Amino acid sequence: MTLDANRAAARRESPGGAVEIRGLSVALGTGARRVEAVRDLDLRVEGGELVSLLGPSGCGKSTILNAVAGYVAPERGSIVVGGERVEGPGPSRGMVFQQSSLLPWKTVLNNVGFGLKMRGVPERERREASRRLLSLVGLSGFEDAYPAQLSGGMRQRVEIARVLITEPRVVLMDEPFSALDAQTRLSMQELLLDVFRQVRTTVLFVTHDIDEAIFLSDRIALMTRRPCRVGAEIAVPFGRPRTAAIVGSGEFAAIKRRCLEALRDERAAAAHRHDLEAQTSA
Ligand SMILES: Nc1ncnc2c1ncn2[C@@H]1O[C@H](COP(=O)(O)OP(=O)(O)OP(=O)(O)O)[C@@H](O)[C@H]1O
């Protein structure tokens with residue numbers, strides 16, 4: 001499928017909501033420790049689209065996800081998910097973190113069903129839905145295991161199931177695979193592509209790995225240094241379903257070159273901004 005046909009199909013089939021971020025500015029800390037993490041950020045993600053935020057460490061990517069999740073309040077600007085303005089945490093958004101957030105004293109099945117339990121869903125329904133989600137992430141047979149008995153990759157599969165079970169309009173993923181070894185990471189990326197093919201929700205994915213961003217995304221937003229905003233956007237022209245075979249293609253290499261060039265341009269622009277600020281304050 002071409003990129004446009006792919007996007008149109010995603011919008012048609014997706015239970016995901018569009019994410020619209022306008023003029024977002026977020027500051028963290030107070031007083032002398034105040035850090036302007038995000039400034040005047042505009043970004044729109046269509047329903048059913050997977051968009052990666054790619055940028056240097058510490059630029060403010062997690063802060064953007066935290067703002068969309070409603071964990072931090074913006075100083076200025078607005079965030080709308082599925083037509084509803086974000087005013088705080090809520091069920092329309094589900095977050096997968098780099099570190100496991102599973103409850104160690106609960107079995108895999110009960111961890112996955114926990115969100116439904118909080119909503120008062122009866123046990124039988126919960127168990128059925130949890131088993132279905134565990135099968136989706138390839139973990140049938142591990143229902144009664146405890147998180148400590150699982151590998152890092154398996155725990156992240158449970159995290160994905162745990163988030164998807166409540167059917168959020170957008171899934172926020174904050175470097176979910178960066179603590180995994182290279183091989184497990186690749187198989188998790190393939191798993192995510194497969195899950196995303198079946199549950200075509202909206203995904204906002206934070207990474208600083210260029211290959212990962214290209215492999216997974218419909219579009220990559222290249223972030224500037226702090227205060228963070230979108231410096232450039234690159235469409236990824238691979239249709240779906242996609243396989244690891246695309247990684248060796250010339251087209252993949254060309255997109256990677258464009259990402260690297262854009263990141264280099266941003267580094268040069270940031271150095272220039274820094275020099276100007278130093279001159280102004282001298
Ligand atoms: N509570 C806080 N008070 C002050 N500064 C903070 C606070 N939390 C984070 N920061 C700073 O805000 C900036 C943005 O942090 P953020 O975690 O959003 O960046 P990031 O791009 O996700 O980084 P990484 O890729 O390393 O995870 C960083 O420079 C960080 O040091």
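The values are calculated or read from the model by the stated rules, or taken from the named source; none is laboratory data. Keep in mind that this is a model prediction, so the values were computed, not measured. Cβ sites come from the backbone with ideal geometry, for glycine too, and all protein chains shown count toward neighbours. With ligands, DNA and RNA removed, areas are computed over all heavy atoms of the protein, side chains included. Shrake-Rupley method; radii C 1.70, N 1.55, O 1.52, S 1.80 Å.
Below are the figures for this structure:
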item: Principal-axis tilt of helix 123-136 within the chain, Cα atoms, nearest 10 degrees; result: 60 degrees
item: 27 Å Cα-Cα reach of Lys117 towards lysines, excluding residues that sit fewer than 8 places from it in its own chain; result: Lys106
item: Accessible surface of Phe142 - all protein chains present, 1.4 Å probe, nearest 10 Å²; result: 80 Å²
item: Length gained when the stretch Arg33-Gln99 is fully extended (0.36 nm per residue, less Cα-Cα span); result: 21.2 nm
item: Candidate aspartates and glutamates - alpha carbon under 14 Å from Lys61, same-chain residues fewer than 8 apart omitted; result: Glu36, Asp40, Asp42, Asp174, Glu175, Asp209
item: Where Ser100, Ser92 fall by accessible area, highest first, once all protein chains stay in place (1.4 Å); result: Ser100, Ser92
item: Gaussian network model of the chain, springs between alpha carbon atoms under 10 Å - residue of Leu216, Leu53, Leu139 with greatest fluctuation; result: Leu139
item: Crossing angle, helix 3-13 versus the chain [Cα axis fit, 0-90 degrees, rounded to tens]; result: 50 degrees
item: Cβ-Cβ FRET estimate between Tyr146 and Ser249, R0 fixed at 45 Å, reported to 0.05; result: 0.60
item: Lys117 accessible area, 1.4 Å probe, all protein chains in place, Å² to nearest 10; result: 100 Å²
item: Efficiency of FRET between His272 and Glu167 - r from beta-carbon atoms, R0 35 angstrom, step 0.05; result: 0.15
item: Descending semi-axes in Å of segment 141-244, equivalent ellipsoid built from Cα gyration tensor; result: 25, 16, 14
item: Length released on extending from Ser135 to Glu261, taking residue separation times 0.36 nm less the Cα-Cα span; result: 41.3 nm
item: Most fluctuating residue given options Ala213, Ala67, Ala148, as computed from a GNM of the chain linking Cα atoms under 10 Å; result: Ala148
item: Residue of Pro147, Pro56, Pro91 that the Gaussian network model of the chain assigns the largest fluctuation, springs spanning Cα pairs under 10 Å; result: Pro91
item: Added length on full extension, which subtracts the Cα-Cα distance from 0.36 nm per residue, Asp40 to Ser78; result: 12.7 nm
item: Computed [θ] at 222 nm, deg cm²/dmol, the chain (DSSP H ≥ 4; -39,500 (n - 2.57); rounded to nearest 500); result: -13000 deg cm²/dmol
item: Segment 101-113 - phi-based ³J(HN,Hα) in whole Hz, Karplus 6.51/-1.76/1.60, Gly and Pro as x; result: 10, 6, 7, x, 8, 10, 5, 4, 4, 6, 5, 5, x
